[in-house]
Amino acid sequence: LHSYQLAGAKVNVLYGVPLRPSAVSRLAAVAKALGEGSVTVMIDHVEQLRALNQFKHVAAFAARAFVKVDAGTHRAGIAPSSSQMAGLLQEMLAMEGSGDLVFHGYYSHAGHSYDGNSPDDAMSMLKLEIDVCKAAASSGPRHAFKEKRLVFSVGASPTALSIQNLH
């Protein structure tokens, strides 16, 4: 990854599952080697935020973080309009204000899209992924992240590839 940076590429490692405390020291070491903005984590529980203090201590800067939004499978993520989502966003807003994390946006993955049988099924799941991110973004404190441009990252393989079916 460092050689890609030396060649002029922007590098960002996404730890693609909700953050486990046991992974923090390794992720922070990678971030320290690659520089600020090089590691993004997924958060789906307020307890995971405590691990970000260790990340900042090792890397010497805050991690970027997505909120993992549940797209209906209840495997990972937080229901977009739940009280847990509102509480997590409130805590993340406070942490961003104190420089302990950089809130990057919302992430949704409709794993059940793999059961689809048509391009229309995949497009419906892509819409669901976007809709749950939008719902999550509007469930937090009204002033939260108002001045910030946030990312909606969506797409299981079938939904990400469904964009090819647009005409």
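Shown is the FRET efficiency for residue 135 and residue 14, computed with R0 = 35 Å from the Cβ-Cβ distance and rounded to the nearest 0.05: 0.95. Working note: Karplus 6.51/-1.76/1.60 with θ = phi - 60° gives the stretch 94-108 the couplings 5, 5, 5, x, 9, x, 8, 7, 10, 6, 9, x, 10, 10, 9 Hz, where Gly and Pro are set to x.
In this structure the stretch 44-96 gives 46 Å² per residue of accessible area when probed at 1.4 Å with all protein chains present. Near residue 72, once Lys and Arg are set to +1 and Asp and Glu to -1 for all other residues with Cβ below 11 Å from its Cβ, the sum equals -2. For residue 134, the lysines whose Cα falls under 17 Å of its own Cα, not counting residues fewer than eight places away in the same chain, are 68, 146, 148.
So, counting K/R as plus one and D/E as minus one, what does the shell of residues with Cβ under 14 Å around residue 27 add up to? Counting the neighbours of residue 27, the net charge comes to +4. The Cβ shell under 12 Å around residue 155 holds other residues with a net charge of 0, Lys and Arg each +1, Asp and Glu each -1.
Taking all protein chains as they are arranged and a probe of 1.4 Å, the heavy atoms of residue 131 leave approximately 60 Å² accessible to solvent.
The values are calculated or read from the model by the stated rules, or taken from the named source; none is laboratory data. Please read all numbers here as calculations on a predicted model, not as lab measurements. For neighbour counting, all protein chains shown are included, and Cβ atoms are generated from backbone atoms with ideal geometry for every residue, glycine included. Protein only, heavy atoms only, side chains kept; ligands, DNA and RNA dropped before computing areas. Shrake-Rupley method; radii C 1.70, N 1.55, O 1.52, S 1.80 Å.
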